[in-house]
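Below you'll find the structure, written out as structure tokens, and then a few comments.
Every read-out reported here was derived from the displayed coordinates using simple, explicitly stated rules and does not represent laboratory data. Note that the structure is a prediction, hence the values are computed from the model and not measured. Neighbour counts are summed over all protein chains in view; Cβ atoms, including those assigned to glycine, are modelled from backbone coordinates with ideal geometry.
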């Protein structure tokens, strides 16, 4: 094959790769783009056929979402401040607790061999296999007896329950990647195992902790099944609040789209804050230990 043919083949392959990448980006970001522009449309523009890409922005959806609607729209206002605060508090505290417990459990299962270890790890993993609908009735009865129904503490405990198994498995993998000689050297030099864990091992798995926190936060933030059954008014989260959006004319899709944009923003902020550690976690700490 001549040089010209090889150059042509290389260019064709590059263009094909770019085309596939463009399709992938549109496939993943297209729904988010459509959600954003739909949140700024009036009801007439939202249901126009063919769909409008260029239109005059209407902020009525956001006004209703934040409870500042006027006139006829005020009756249909969602008012997301309380539910947004509930979601932020439940997801943040639940994620922090799950990551702490998962980190400790992951370290123990990585460094120690004990009787029933494999059975314990399978049990921890099985908590992720269980569909929420299978235990909803049990939790509803238990929470009613304990007085945890429609409380933030109750939903925080749910967030810990659904994430601690995932956190344990992920962190065990990261701890397995840290040589045991790191702790052995510290012990030989007279330091305690706790000191070696805090000062030597934890900094080496910082990226893994960030990655684990990211996954746990997403699952806690998007949790709907338990929140819809175990919360009614005081502890209602944002996904549950959005699902109940309706007005005099039926489902208010503009409000739902606007609330969906609001629902995405805290997740973007959270991942922006942990972006550096998350990169190290996704590469198993290789970039951080160069």
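Would you please put 232-238, 270-276, 16-22 in order of how densely packed they are, using the mean number of other Cβ atoms within 10 angstrom per residue and starting with the highest? Working shown, then result.
Working: 232-238: 18.3, 270-276: 13.7, 16-22: 10.0.
Top of the packing list down: 232-238, 270-276, 16-22.
Would you mind computing, in nm to one decimal, how far apart the modelled labels at residue 26 and residue 189 are, each placed 7 Å from Cα along Cα→Cβ?
Result: 5.7 nm between the two label points.
What ranking, highest mean first, results for peptides 52-62, 145-155, 28-38 when packing means the other Cβ atoms within 10 Å averaged over each residue?
Working: 52-62: 14.6, 145-155: 16.5, 28-38: 13.0.
By packing density, highest mean first, the sequence is 145-155, 52-62, 28-38.
Averaged across orientations, what area in nm² does the convex hull of the alpha carbons in the chain project?
Numbers: hull surface 97.7 nm².
If you wrap the Cα atoms of the chain in a convex hull and average its projections, you get 24.4 nm².
GNM on the chain, C-alpha springs below 10 Å: top fluctuator among 167, 144, 259?
So, out of 167, 144, 259, the one fluctuating most is 144.
Could you give the length gained on full extension between residue 222 and residue 114, defined as 0.36 nm per residue of separation minus the Cα-Cα distance, in nm?
Values: separation 108, 0.36 × 108 = 38.88 nm, distance 3.55 nm.
Here the segment from residue 222 to residue 114 would lengthen by 35.3 nm.
Quick one: compute the contact order of segment 81-289, relative version, from alpha carbon pairs under 8 angstrom and 6+ residues apart, as a percent. Kindly include the intermediate steps, with their values, before the conclusion.
Numbers: 233 pairs, mean separation 65.6, N = 209.
It comes to 31 percent, rounded to a whole number.
Given a Förster distance of 35 angstrom, what is the FRET efficiency for residue 138 paired with residue 13, based on the Cβ-Cβ distance and rounded to 0.05?
Numbers: r = 56 Å, r/R0 = 1.59.
After rounding to 0.05, the efficiency reads 0.05.
Just need log10 I(q)/I(0) for segment 3-61 at q = 0.20, 0.23, 0.28 Å⁻¹, Debye formula, equal scatterers on the alpha-carbon atoms, no solvent, rounded to two decimals.
Evaluating at q = 0.20, 0.23, 0.28 Å⁻¹ gives log10 I(q)/I(0) of -0.78, -0.89, -1.05.
Where in segment 209-223 is the amide nitrogen less than 18 Å from a point lying 7 Å along the Cα-to-Cβ axis of residue 265?
221-222
Would you compute, from DSSP H runs of 4+ residues alone, the mean residue ellipticity of the chain at 222 nm, taking -39500 (n - 2.57) per run and dividing by the full residue count, rounded to the nearest 500? Show your work: numbers first, answer last.
Details: 14 runs with 197 residues, N = 290.
Calculated mean residue ellipticity at 222 nm is -22000 deg cm²/dmol.
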